[in-house]
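Colleague: Below: one structure in structure tokens.
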Amino acid sequence: MAKGFNRLPVFAGVLLLSVLLAACSSNVPGTSGPIDIDLPQASATPGFTPAETPEATPSTTEDGSASPMPEASSTPQATSSIDASTITGTEDIKDEQKLTYAEYRALNSDVVGWIKIKDTNVDYPIVQSHDNEEYLTLTPTLVESKAGSIFVDSHTSLSRKYAVIHGHNMSKSKIMFAQLTNYGNRAFYDSHRTFELTIGDTTYTYKVFAVYTVDVGDVKNAKYMMFDYPSDPAFAAYMNDTLAPLSIFPVDTTIGPDDYVISLSTCSHNGSGYNKNRFVVHAVRQ
């Protein structure tokens with residue numbers, strides 16, 4: 001089945017909304033430079049506040065071809081009645097029964113990969129939408145849930161040299177990216193330096209090289225949300241000179257121009273719910 005299953009009842013509403021909003025779409029912010037990126041303020045959603053970056057220039061994939069940015073689905077988008085701003089991460093939510101990777105892909109064309117970190121509950125399909133809102137409150141099977149999905153930031157793709165994967169920190173139920181914060185413990189970090197990431201039909205091993213907590217109350221401070229670079233050497237320099245030094249543990253890995261890097265990002269907690277910090281893990285493909 002295609003991604004559009006169970007969406008036809010909302011098609012008319014989506015079409016009407018698109019007409020009403022059309023008049024607001026003519027004013028687009030100007031683009032910024034490739035390194036000194038100027039990102040707008042965060043939204044009110046506590047779970048994630050991914051930056052709205054200028055339209056990206058396609059980067060180079062492994063076979064040397066251009067990597068196009070993900071396109072919006074031509075089918076009506078699934079909707080959720082859950083207000084993402086009400087998610088605290090302290091909800092007691094059970095994981096939905098998992099399907100196989102093949103089953104998820106057959107049900108939803110937005111399923112683009114799978115992530116597995118040993119000795120944790122991080123063992124999930126990865127989805128990607130045309131925006132960073134849809135999967136805040138929808139599972140990969142398009143069921144409403146405050147746990148949402150593990151998803152790729154819409155301003156990049158897993159085929160590019162650099163991508164960010166988001167997930168809710170469901171601290172009470174220990175699902176989604178809650179146990180990603182285990183990397184803040186040195187013993188866990190040392191014994192779990194690698195994890196598996198499947199992209200399409202290929203499974204890769206990634207090595208963690210930096211972890212840290214960052215204050216992103218002002219999205220301009222989210223340095224890991226930089227996606228576009230003037231060259232591969234500039235990309236490597238940014239990883240080594242800007243992101244790696246943020247790590248709470250010594251960095252023993254140097255990123256090269258030909259490397260592929262993934263960042264895993266989740267929210268931090270203040271005891272009763274999300275605060276404005278993010279816990280970030282950087283890893284390079286082996």
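The values are calculated or read from the model by the stated rules, or taken from the named source; none is laboratory data. Remember, it's a predicted structure, so these values are computed and weren't measured experimentally. Because the Cβ atoms are built from the backbone with ideal geometry, glycine has one as well, and the counts that use them run over all protein chains shown. With ligands, DNA and RNA removed, areas are computed over all heavy atoms of the protein, side chains included. Shrake-Rupley method; radii C 1.70, N 1.55, O 1.52, S 1.80 Å.
Colleague: Using a Förster distance of 22 Å, how high is the FRET efficiency between Arg193 and Thr242, based on the Cβ-Cβ distance and rounded to 0.05? It would help to have the intermediate numbers written out before the result.
Modeller: Numbers: r = 21 Å, r/R0 = 0.98.
For R0 = 22 Å, the calculated efficiency reads 0.55.
Colleague: Then there's this: For His269, what residues show an amide H to amide H distance below 5 Å, using hydrogens built from the backbone and excluding near sequence neighbours?
Modeller: It is Asn275, by chain and number.
Colleague: Say each of Asn121 and Thr254 gets a label point 7 Å from the Cα, pointing the same way as Cα to Cβ; how far apart are those two points in nm?
Modeller: Each label point lies 7 Å from its Cα, and together they span 4.1 nm.
Colleague: Non-local amide H neighbours of Leu138 (under 5 Å, H modeled in plane, Pro and chain starts lacking H): which ones?
Modeller: Excluding prolines and chain starts, which carry no amide H, the hits are Ser145, Gly148, Ser149.
Colleague: So for region 195-267, taking the charge dipole from beta-carbon charges (+1 Lys/Arg, -1 Asp/Glu), which of Tyr204, Val214, Ser263 sits furthest toward the positive end?
Modeller: So the residue we want is Val214.
Colleague: Whole Å is fine, so just give me how far the alpha carbon centre of region 81-157 lies from that of region 198-212.
Modeller: 18
Colleague: Dipole of region 124-192, Cα-centred, from +1 at each Lys and Arg C-beta and -1 at each Asp and Glu C-beta, to the nearest 20 debye?
Modeller: 300
Colleague: Taking H placed 1.01 Å from N in the peptide plane, check which residues at least 5 places from Ala210 or on another chain put their amide H under 5 Å from its amide H.
Modeller: Residues meeting the amide H criterion: His282.
Colleague: Set the Förster radius R0 to 41 Å, insert the Cβ-Cβ distance between Gln97 and Gln286 as r into 1/(1 + (r/R0)^6), and round the FRET efficiency to 0.05.
Modeller: Once rounded, the FRET efficiency stands at 0.80.
Colleague: So what does Ile248 come to for accessible area, using a 1.4 Å probe and Å² rounded to 10?
Modeller: Near enough 90 Å² of accessible area.
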